[in-house]
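Working notes for the structure below.
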Amino acid sequence: MIRLKKIILFAIGMVIIFLETFFTNFINSYFSVNFLLIYIIFISFYIDKKSALILGGIIGLMSDMVSGGVVGITPLLFLATSYFISSIEKSIFKDKRNIVCFFVLLISIVFSILEVAVSAIFFNPNALLSIALKALVLLPVANTVVAFLAYTIFEDKLIKLREE
């Protein structure tokens, strides 16, 4: 049963990767919500540390391979996210929607800043004010709103995930 749960979690991650890649690449928008980061945060709260780290690393690597980004950056950031959340999840009340959303906001800000720094190093950066607005305000707020809605919808399933 436990292996099946991990396979299902991996399959959900792969579906999110393909959907996110499709929407990011084919829909012209100023920014896109990082559904995969929200997913990694959610599962890191509710599964054991070892599984969260393995799943975060593999899904991050697959995301880089599918999306064509700098290979290695996303798995590293997802590993750090999974490790951080798995380390503190016992000391916080993670069944409160506001606490989970606060962590999504906090991690989204850090994640966005690191992505902007990597983009500035490897790619041609856009205007600094535009990047700062996007990284520090738009993306974290959008991720938090989506996380709030997703947690509201999937709260029972997340709690069951921890119990199994």
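The values are calculated or read from the model by the stated rules, or taken from the named source; none is laboratory data. As the structure is a prediction and not an experimental result, all values here were calculated from the model. Heads up, the Cβs are rebuilt from the backbone with ideal geometry, glycines too, and the neighbour counts pull from every protein chain shown. These area figures cover heavy atoms from the full protein model, side chains too; ligands, DNA and RNA do not enter into them. Shrake-Rupley method; radii C 1.70, N 1.55, O 1.52, S 1.80 Å.
Find the lysine pairs in the chain meeting two conditions, Cα atoms under 16 Å apart and a separation of 8 or more places or different chains, and report how many there are.
The number of close lysine pairs in the chain is 15.
Between ARG3 and ILE58, what is the label-to-label distance in nm when each label sits 7 Å out along the Cα-to-Cβ direction?
Distance between label points: 1.2 nm.
For a quick check of understanding: with a 1.4 angstrom probe and all protein chains in place, what accessible area in square angstrom does TYR83 have, to the nearest ten?
Number for this one is 120 Å².
What is the gain in length, in nm to one decimal, between LEU138 and SER91 on full extension, counting 0.36 nm per residue of separation less the C-alpha to C-alpha distance?
Values: separation 47, 0.36 × 47 = 16.92 nm, distance 2.93 nm.
The span from LEU138 to SER91 would gain 14.0 nm if fully extended.
For every other residue with a beta carbon closer than 13 angstrom to the beta carbon of THR74, add +1 if it is Lys or Arg and -1 if Asp or Glu, then tell me the sum.
Net charge around THR74: -3.
Along the Cα→Cβ direction, 7 angstrom out, place labels at MET14 and ILE99. What is the inter-label distance in nm?
Modelled inter-label distance: 3.4 nm.
Sorted by mean Cβ packing within 10 Å, highest first, what order do the peptides 9-21, 53-65, 106-118 take?
The most tightly packed comes first, giving 53-65, 106-118, 9-21.
Which value, in Å², gives the accessible area per residue of the chain when a 1.4 Å probe is used on the protein heavy atoms?
On a per-residue basis, 58 Å².
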